[in-house]
Ligand SMILES: [Zn+2]
């Protein structure tokens, strides 16, 4: 598929939280649904059908989200201009470019385990292969950005390095700290790590101290829910705990803002996306196979699930295209 299939007929720009339903509904729901059949964090096989049904484009799910009043199309004064003056810490070493507003093409990668000789390569990647991928990113000139920089690019336009990329990790495995973190530091790359809040400090998962080390190295933390529950099966009060309370708990324990949410199993529906928005998040991370992002996908951004069986050629191709892995 090409990104043209996913591109909305017109791109609406506003400066605040958007409704995820502004654009062609069938495409918005169908593409992630297809991706779900192929990916998700160790999803039980018999549940994929449920998700496909949840995302059926013919669904008449009531729109529960009420986006805040949005301002109109940004004026030229919202856009970065040639007079933009970076602070010393932001001084680009490459020629930075303005991305957006509107459609922004940036690859977003998703990893789970990074470990030696994994038994499974679905949600795990060998350390050597991971290092080769990070080395390639560095050689190709990729520079990591934050989810808020991507959001700003979509809504206002943003000055970004020539080859921006987001690197994300789901579930908060301790091997992300032991293995991935030092490799990425070697290549000057940072990531966003999505934590299951009630696993914080538990065996096999990241501790507050480890996360603080990563935060001090400019990594970001997002929520991956409270308990890694399948959100589409939950009642409203349970959704509040998984979505809102997880954010508050992580912010309390870590002392940083948590404004991005990654959907457990990539599972979602329209009601849940409305809650992600209303409970204080600025971006939502899903799964998918495209690099094109717009206001219509800001709460279900397409991330490439980087399986451990990918060849380097596969990996390179997913960076530069909206093609098939
Ligand atoms: Zn997960």
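Bear in mind these aren't lab numbers, they're just calculated from the coordinates by the rules spelled out. All figures in this text were calculated on a predicted structure; none of them were measured in a lab.
Look at where the Cα atoms of segment 246-317 and of segment 141-199 average out, and the two centres are 12 Å apart.
The value given for segment 229-325 is a Kirkwood hydrodynamic radius of 14.8 Å, derived from the mean inverse Cα-Cα separation. The antiparallel fraction among DSSP beta bridges confined to segment 171-325 stands at about 10%.
Values of log10 I(q)/I(0) for segment 268-325 across q = 0.17, 0.19, 0.27 Å⁻¹ run -0.62, -0.71, -1.04, by the Debye formula with one identical scatterer at each alpha carbon and no solvent. Over all pairs of different C-alpha atoms in segment 171-283, the reciprocal of the mean inverse distance, the Kirkwood hydrodynamic radius, equals 14.2 Å. Averaging 1/r over every pair of different alpha carbons in segment 104-240 and inverting the result gives a Kirkwood radius of 16.0 Å.
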